[in-house]
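Colleague: Take a look at this one; I'll ask things after.
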Amino acid sequence: MTNEELKKTLWDAANKLRGSVSAADYKYPVLGLVFLKYVSDLFDAHAEVIRQRLADPASDIYIEDKPTRRDAEASFVRDKTFYDQDNVFWVPPDSHFGILLKKGTDPELPQYLDTAMGEIEAENPSLKGVLYREFSRLALGPGKLNDLMGVIARLKFDPKQHGSRDVFGEVYEYFLGQFALNEGAKAGEFYTPKSVVNLLVEILAPFKGKIYDPACGSGGMFVQSAKFKDAHQKTLGKKGDLAVYGQELMAATRRLCLMNLAVHGLDGDLGQTYGSTFTNDQHKTLRADYILANPPFNISDWDGDKLREDPRWRFGIPPESNANFGWLQHMVSRLSSRGRAGIVLANGSMSSQQSGEGEIRKNMVSADVVDCMVSMPGQLFSNTTIPACLWFLSADKKSGANGTIDRRNQVLFIDARKTASGRLSRTQVEFTDSDLEQIARVYHRWRGTDFSDGTAYADVPGFCYSASTDEVREHGYLLTPGRFVGADHVDEDQGSFAQTMQDLTEQLSEQLVRGVALDGEIRSRLGALGYAV
């Protein structure tokens, strides 16, 4: 059975068992059990490593006498010191997945699992507050939890089998994606479609330095960045190294991220706690070399009214009714001297003029921090059909660390609205590997990076265009790629208008539900669109 077949088989089996439990609630226990199986298997594998060291003359714990060695094995494999020094999670005997699986028919199984997760957290400080501990509240039918553990038990880590450890990470990612498809609108809180993450990563090419995501969700940006680094170490002939930093608003989603990092063998600094990046920034002194983010689109509930004097607003004060330009400016403020950022935002951010957003965009272009703009097709996301775009920002566009070609006072526009040739379902598309290569190749040629194929960049009518900032000024600082590449930009503008209307509708609904009068910000935006209010 291939890995893809295994992932699908496991998902189908696990999903059949959830009954009336919502996908939103079901993902936490399922992913928690995947994690428990992972740490249990790694614990067992490390016990075998300790036994091998005892028998290895080159080891500092070698015991030559066989009877003495056999006697020592039992105590050595139960010595937590040997696990801590190799950064292997310690699993108490009664908390091991295999032991709990044997208690599968016991009515007290949910309580045993809650206790086991608590004990693992107590023994491993880095997992404090991370693991799912509400199995006893899970409304699964009789025997379903035991059946679910039986499904997860089919995942096995064999240290003799190359890549078997990676299967846990792949299953974790696959399950996250499937839960996102099932949850629909709520999925945006924890999941960015894999092909969108891949596009950000392929263009930013994170290889060596600090990587940051201020709205990190379940951690997909970090995982894919690490995979990119690993894949390119051999081709570039040098060693990459990434230090992970992030922040997440929701406590439960932060836990998903920490487990995701762990099953991929990654360490990360997600700050001391969960919370708003705007009002409780966990990394105020951080200056990152790579920033990748998919922040929530068009949020109005972000405490913008309390942040009007914030030093991050270098290009202008973001409107209280929309955080988009708050996110962009926050990320600019966290870039190192050579730092670059890739951000997913609503299409409206490229052309909106309401509430000073047009002036902020103008100031960002004039300051030469906008590097590249990519428009994307609709139906990439499971939680919205309205198209999104990618903003790429750079603190250093001259020839040097970020590329051999000086691109100061220039912006690359890529129209990828018709480039996603893959289809996940009837209602959702994705970028294929060849699509990703086509788009990323254009950027790396334009910038002259280490990841370029060496071919000189050339504009491609209908697809990509390198514009001067003077040309951008002539277009009124509107950044929709269709205006520059020679494609029909009407659809893009209609998408931006639709996004603006959706944003306003959500805010109106929120205020009407709360029974309050329309605030001035919403009134002015409706007025700018020609509505009398």
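The values are calculated or read from the model by the stated rules, or taken from the named source; none is laboratory data. These figures come from a predicted structure and were not determined experimentally. Note that each Cβ is placed from the backbone with ideal geometry, even for glycine, and that neighbours are counted across all protein chains shown. Only protein heavy atoms, including side chains, enter the accessible area calculation; ligands, DNA and RNA are left aside. Shrake-Rupley method; radii C 1.70, N 1.55, O 1.52, S 1.80 Å.
Colleague: Sorted by packing (mean other beta-carbon atoms within 10 Å per residue), highest first, where do 66-72, 89-95 land?
Modeller: The densest-packed peptide leads the list: 89-95, 66-72.
Colleague: A further question follows. Which order do the peptides 12-25, 203-216 come out in when sorted by mean C-beta neighbours inside 10 angstrom, highest first?
Modeller: Highest-to-lowest ranking by the protection proxy: 203-216, 12-25.
Colleague: If you roll a 1.4 Å probe over the heavy atoms of the protein chains, what accessible area per residue do you get for the chain, in Å²?
Modeller: 44
Colleague: Now, a different point. Given region 1-68, what whole percent of its Cα pairs are spread farther than 16 Å?
Modeller: 66
Colleague: Once phi is turned into ³J(HN,Hα) by the Karplus curve 6.51 cos²θ - 1.76 cosθ + 1.60 with θ = phi - 60°, what whole-Hz value does each residue of region 190-207 show in order, with x for glycine and proline?
Modeller: So the J values, rounded to whole Hz, are 9, 9, 10, x, 4, 6, 6, 4, 4, 5, 4, 5, 5, 7, 6, 6, x, 9.
Colleague: A further question on this structure: Grab the other residues whose beta carbon is less than 13 angstrom from that of Lys239, score K and R as +1, D and E as -1, and report the net.
Modeller: Result for the local shell: +2.
Colleague: What is the sum of charges, Lys and Arg at +1 and Asp and Glu at -1, for the other residues whose Cβ falls under 14 Å from the Cβ of Gln428?
Modeller: Summing Lys and Arg as +1 and Asp and Glu as -1 gives +1.
Colleague: Check Ala288: other-chain or 5+ apart residues with amide H under 5 Å from its amide H, H built from backbone geometry?
Modeller: Under 5 Å from the amide H of Ala288 lie the amide H atoms of Leu335, Ser336, each far enough along the sequence or on another chain.
Colleague: For a test of the definition: using alpha carbon positions, the gyration tensor, and the 1.5 limit on a/c, classify region 292-334 as rounded, prolate or oblate.
Modeller: oblate
Colleague: Apply the a/c threshold of 1.5 to the C-alpha gyration tensor of region 265-399 and tell me whether it is rounded, prolate or oblate.
Modeller: It comes out rounded by the Cα gyration axes.
Colleague: Can you pull the semi-axes for region 1-116, root of five times each eigenvalue of the Cα gyration tensor, sorted largest first, whole Å?
Modeller: They are 36, 17, 12 Å, listed largest first.
Colleague: Amide H neighbours of Ala243 under 5 Å, at least 5 residues apart or on other chains, H built in the peptide plane: list them.
Modeller: Long-range HN contacts for Ala243: Gly209, Lys210, Ile211.
Colleague: While we're here: What is the diffusion coefficient of region 70-174 in µm²/s, taking the Kirkwood radius over Cα pairs and the Stokes-Einstein relation at 4 °C with a viscosity of 1.567 mPa s?
Modeller: So the translational diffusion coefficient is about 83 µm²/s.
Colleague: Here is a follow-up. Would you please give the residues with an amide H less than 5 Å from that of Asn298, counting only those at least 5 places away or on a separate chain, with H modeled from the backbone geometry?
Modeller: Those lying under 5 Å, H to H, from Asn298 are Ala323, Asn324, Ala346.
Colleague: Give Lys37/Lys239; Lys37/Lys102; Lys8/Lys102; Lys37/Lys234; Lys80/Lys103 a once-over and call out the pairs whose C-alpha atoms are over 23 Å from each other.
Modeller: Over 23 Å apart, Cα to Cα: Lys37/Lys239; Lys8/Lys102; Lys37/Lys234; Lys80/Lys103.
Colleague: Can you list, largest first and rounded to whole Å, the semi-axes you get for region 233-285 by taking the square root of 5 times each eigenvalue of its Cα gyration tensor?
Modeller: The equivalent ellipsoid of region 233-285 has semi-axes of 27, 15, 7 Å.
Colleague: Give the label of the value calculated from the structure for mean projected area of the Cα convex hull in nm², choosing from (1) 23.5; (2) 27.7; (3) 25.9.
Modeller: It is the one labelled (2).
Colleague: Return the whole-Å distance between the Cα centroid of region 111-128 and the Cα centroid of region 301-360.
Modeller: About 40 Å separates the Cα centre of region 111-128 from the one of region 301-360.
Colleague: For every helix of n ≥ 4 consecutive DSSP H residues, a contribution of -39,500 (n - 2.57) applies; sum these over the chain, divide by its total residues, and give [θ] at 222 nm rounded to the nearest 500 deg cm²/dmol.
Modeller: It lands at -14000 deg cm²/dmol.
Colleague: Net charge around Phe392, counting only other residues with Cβ within less than 9 Å of its Cβ (Lys, Arg = +1; Asp, Glu = -1)?
Modeller: Residues near Phe392 contribute 0 overall.
Colleague: Pull out a ≥ b ≥ c, the square roots of the eigenvalues of the alpha-carbon gyration tensor of region 64-130, then state rounded if a/c is under 1.5, prolate if not and a/b is larger than b/c, and oblate in the remaining case.
Modeller: oblate
Colleague: Ok, one more. How big is the gap, in Å, between the Cα center of region 251-282 and the Cα center of region 393-444?
Modeller: 28
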